[in-house]
Amino acid sequence: MRRADRLFEIIQQLRGDRLVTAQVLAEKLEVSVRTIYRDIRDLQASGVPIDGAAGLGYLLRPGYQLPPLMFLPAEIEALIVGARMVKAWAGKSIAAAAAEALIKIGAVVPEERMRAAQRVPVFAPGTRLQDTERDHLDAFGKAIDGRLKARFGYRDAEGLASRRTVRPLALQFWGQVWTLAAWCELREDFRTFRVDRVERLEIAEERFQREAGRTLEDYLARITRAP
């Protein structure tokens, strides 16, 4: 976690009119207690109204707002609509992250502005996306981040079955369908796979290295050149 992100998270954890110890913060943010003490001192020195002391706990005085997050009403509406779309059409972990982001935004903008934005009449029903597909999106996302190979069964548009080992590169959403862009070891070329046609997915512990001609940049360059 970047230090700027950690400082922001400390502020969020100290809201709620309750004492939070440095030990609890350290465990949640996976840093040392000394790091928390240093971060608290730096926040206090920058003008953030944090009360408390080492060994007792800390809290944030009610009413403190973070000026950089004073979004315009239209900007808050855009974030809410985006979060609704993510919740409806993305993997479980990203959907949960979007919900958490809205909670944090709601904590630092005026309450009446947040209530007004939540009434925006733009919705994204997502009943078509099955739990298995959401799980696959989460798994492919982790594989992309960790550069881990994936193995799965696949049925093409004609129903022909095959077993693939791929290097996952990117997920793409087309409005109703998610696809995985990958380097396919069976075809020795780039391929895209509909996530809803993936079966028996396994994320391997085997990492793959970046190789010229097999990267996301190479894939994007190819589809950009395509007629």
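The values are calculated or read from the model by the stated rules, or taken from the named source; none is laboratory data. Predicted model, so just to flag it, every value in this text is computed and none were measured. Backbone-built Cβ (ideal geometry, glycine too); neighbour counts: all protein chains shown. Accessible surface areas use protein heavy atoms only, side chains included; no ligands, DNA or RNA. Shrake-Rupley method; radii C 1.70, N 1.55, O 1.52, S 1.80 Å.
Laid out as a table, the results:
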read-out	value
Residue within segment 123-131 that is under 14 Å from residue 202 (Cα atoms) and modelled with pLDDT under 95 present	no
Residue selected from segment 64-90 under the condition under 12 Å from residue 109 (Cα atoms) and open to solvent by 60 Å² or more (accessible area, probe 1.4 Å), by the criterion modelled with the lowest pLDDT	68
All positions within segment 5-50 that are under 17 Å from residue 107 (Cα atoms), within 24 Å of the chain's Cα centre (by Cα) and surrounded by 12 or more Cβ atoms within 10 Å (Cβ to Cβ)	6, 7, 8, 9, 10, 11, 12, 13, 14, 15
Filter result (small (Gly, Ala, Ser) and in contact with a Phe, Trp or Tyr (Cβ under 8 Å, 6 or more places away or on another chain)) within segment 127-151	150
Unmet requirement for residue 101, which otherwise passes all of (1) open to solvent by 50 Å² or more (accessible area, probe 1.4 Å); (2) part of a helix (DSSP H, G or I); (3) hydrophobic (A, V, I, L, M, F, W, C)	(1)
Any hit, segment 206-226, residues being in contact with a strand residue (DSSP E or B) (Cβ under 6 Å, 6 or more places away or on another chain), exposed (fewer than 14 other Cβ atoms within 10 Å of the Cβ) and of a type in the set (Gly, Ala, Ser)	no
Residue list for segment 9-48, restricted to those being free of Cβ contacts under 8 Å to residues at least 24 places away in the same chain, assigned to a helix (DSSP H, G or I) and closer than 18 Å to residue 64 by Cα	9, 13, 41, 44, 45
Some residue of segment 184-199 being modelled with pLDDT under 95, under 22 Å from residue 94 (Cα atoms) and open to solvent by 80 Å² or more (accessible area, probe 1.4 Å)	no
Segment 188-199 residues that are in contact (Cβ under 8 Å) with a residue 60 or more places away in the chain, paired with ones that are in a loop (DSSP other than H, G, I, E, B) and open to solvent by 70 Å² or more (accessible area, probe 1.4 Å) (beta carbon under 9 Å, 6 or more apart)	196/130
Residue 115, sole failed condition from (1) under 12 Å from residue 76 (Cα atoms); (2) exposed (fewer than 13 other Cβ atoms within 10 Å of the Cβ); (3) of a type outside the set (Val, Ile, Thr); (4) in contact (Cβ under 8 Å) with a residue 40 or more places away in the chain	(4)
